[in-house]
Amino acid sequence: MSDDEVRHIYDIANGTDLSINEIIEKAGVGTYGAVDLIMRGKAYTHVPRPGGFHRIPRKGIRKGSRSNSARLTADQVVEIRRRHKNGTKGVTLAKDFDVSTATISMIINRKMWTDL
């Protein structure tokens, strides 16, 4: 996909609430995976975005405690970050909240629960 095609995708998507498939249909270029990555800011990052353009969230994806697989609440995540900042080890937090140390690490490093 060329940089001009990416700019065309930005132009079509800017200020609209179109799905990825609708953007592909209107632009006439790209695959679902490529356009999805472009719209989420993961590909073609060297192509400047128009002013006021924001990434579009993927529709239907529940984040945080609204996720069907969430084992923690937003309050618990805030508590984990607070306790870690005060010196509590990740292993202790994992045991206290009944999650893995990897989950604790991702929460602390804001790879998970990024909206808080």
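The values are calculated or read from the model by the stated rules, or taken from the named source; none is laboratory data. None of the values given here were measured: they were computed from a predicted structure. We place every Cβ from the backbone using ideal geometry, glycine too, and count neighbours over all the protein chains shown.
Looking at this structure, is Ala70 part of a loop (DSSP other than H, G, I, E, B) and either modelled with pLDDT of 90 or more or not assigned by TED's automatic domain parsing to the domain that holds His8 (or both)? Criteria met by Ala70. Of all the residues in segment 96-113, those that are free of Cβ contacts under 8 Å to residues at least 12 places away in the same chain and in a loop (DSSP other than H, G, I, E, B) number 5. Whenever a residue of segment 18-32 is polar (S, T, N, Q), its partners that are modelled with pLDDT of 85 or more, lying with C-beta atoms within less than 8 angstrom and at least six residues away or across chains, give the pairs Asn21/Tyr32; Thr31/Ile24. Filtering segment 43-60 for residues that are modelled with pLDDT under 85, part of a helix (DSSP H, G or I) and closer than 30 Å to Val77 by Cβ leaves an empty set.
Looking at segment 74-85, is at least one residue assigned by TED's automatic domain parsing to the domain that holds Ile104 and at pLDDT below 90? Looking for residues that are assigned by TED's automatic domain parsing to the domain that holds Ile104 and at pLDDT below 90, one finds at least one in segment 74-85, hence yes. Would you tally the residues in segment 20-42 being surrounded by fewer than 16 Cβ atoms within 10 Å (Cβ to Cβ) and assigned to a loop (DSSP other than H, G, I, E, B)? Qualifying residue count, segment 20-42: 5.
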